[in-house]
Amino acid sequence: MIKKLSNSIRAKGSFMAIGILFLSCFVSFALMTTLFLVLYHGDLSIKEAHAVFGIFMFVTLFLCVALGGSLLYFAMGKISEPIIRISNSAKDVAKGDFSVRMDYKGNDEIGMLAQNFNLMITELGNMEYLRKDFISSVSHEFKTPIASIQGFAEMLLDKDLSEENFQAYTNIIIDESKRLSHLSSNMLRLSKLDHQFIPESTRPFSLDEQIRRTIVLLEEKWSRKNLDLDIDLDEIVYTGDEALIQQIWVNLIENAVKFSAESETIWIRAKKTPDKVIVEIKDQGIGIANIDQGRIFEKFFQADKSHSKEGSGLGLAIVKKIVEIYEGEIDFTSEMGQGTTFVVKLPFRY
């Protein structure tokens, strides 16, 4: 209890005010009593004593208020000084300066305010860094396909261009246009998800059947690599936004296919427990390096640069956001050259 009071600025202020009041009254009374004894040695009548006592009490009260008020003014100035500094620092932050810090040390409310202020500045600085990094990444991602489209379109103007080169350049323009369209769609989808906290459309649907449809949807990609799919799905009826949740399986299975070599196996499992759905997607692909594993859910981050033209680095960021909307969990294990396993857990909503 004593420790709690010692860390409270309210308690400190109260004790300080009581101490100042006691000190000012004591000093004023002692001063006036000394002055009375010095000035009056003779006997006084009762009437004169009452008059003198009244004057001295009034002067004592005045001195007490003046002295106490002055001490309180300076004491409150000491207390308000860090608050004023925080206020001035907040103005600097509003102007875009995220380097300011409060060096106030203490366990009271102002100390907590200073700590939280520094934490806020750190987070704002990180957000500013991410914003600049995001803009840089967006510029880079758009610049590459646009430059390709422009360059090969200019080559098509060559009248001596062979039919074979014409077809090749045209296909490149089409592929880069698709890539640009896919990037734009994913950016719009992610922007929408960043401001979405609850599913828009909720209804019961067969989750296992949804995963099977997703596998069929991606058949052209996995059959091209002659991949073997090992599928084991429980019958699961889940309530949620069907189109939104399908984006999870599309991105995870598409990644498993993309990073798998010819004739490898992809395992897809879905299990139902009393309170959640657990979906596991495992591949035998190239795996993720330890240095990259902490960043795979970042926007535009691509661990394997050799596949950068096949994606935008937004797929896992979209998956992560959708799982968060459903208050679920997503985890993964990976080893270089051994493959990657993603596990998604979605709680049932009743």
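The values are calculated or read from the model by the stated rules, or taken from the named source; none is laboratory data. None of the values given here were measured: they were computed from a predicted structure. Ideal geometry is used to build each Cβ from the backbone, glycine not excepted, and the neighbour counts take in all protein chains shown. To get the accessible areas, we keep the full protein, side chains included, count just its heavy atoms, and leave off ligands, DNA and RNA. Shrake-Rupley method; radii C 1.70, N 1.55, O 1.52, S 1.80 Å.
When 22, 26 are checked against the criterion of being at pLDDT 70 or above, open to solvent by 50 Å² or more (accessible area, probe 1.4 Å) and closer than 30 Å to residue 111 by Cα, 22 stands alone in meeting it. The set of residues in the stretch 251-271 that are more than 26 Å from the chain's Cα centre (by Cα) and either at pLDDT 95 or above or among the hydrophobic types (A, V, I, L, M, F, W, C) (or both) comprises 253, 256, 257, 259, 261, 266, 267, 268, 269, 270, 271. Evaluating residue 45 against the criteria (1) at pLDDT 70 or above; (2) among the hydroxyl-bearing types (Ser, Thr, Tyr); (3) exposed (fewer than 12 other Cβ atoms within 10 Å of the Cβ); (4) out of contact with any helix residue (DSSP H, G or I) (no Cβ under 9 Å at 6 or more places or on another chain) leaves one unmet condition, (1). The combined condition, being open to solvent by 50 Å² or more (accessible area, probe 1.4 Å) and at pLDDT below 75, is fulfilled by residue 5. Annotation note: Cβ proximity below 7 Å between a residue of the stretch 235-247 that is among the aliphatic types (A, V, I, L, M) and a residue that is assigned to a strand (DSSP E or B) and buried (at least 19 other Cβ atoms within 10 Å of the Cβ) (sequence gap 6+ or interchain) occurs for 236/270; 236/277.
Set side by side, the residues 55, 110, 84, 121 differ, and just one is within 30 Å of residue 23 (Cα to Cα), among the β-branched types (Val, Ile, Thr) and modelled with pLDDT of 75 or more, which is 84. When you look at residue 298, is it within 28 Å of residue 142 (Cα to Cα), of a type in the set (D, E, K, R) and assigned to a helix (DSSP H, G or I), yes or no? Against the criterion (within 28 Å of residue 142 (Cα to Cα), of a type in the set (D, E, K, R) and assigned to a helix (DSSP H, G or I)), residue 298 does not qualify.
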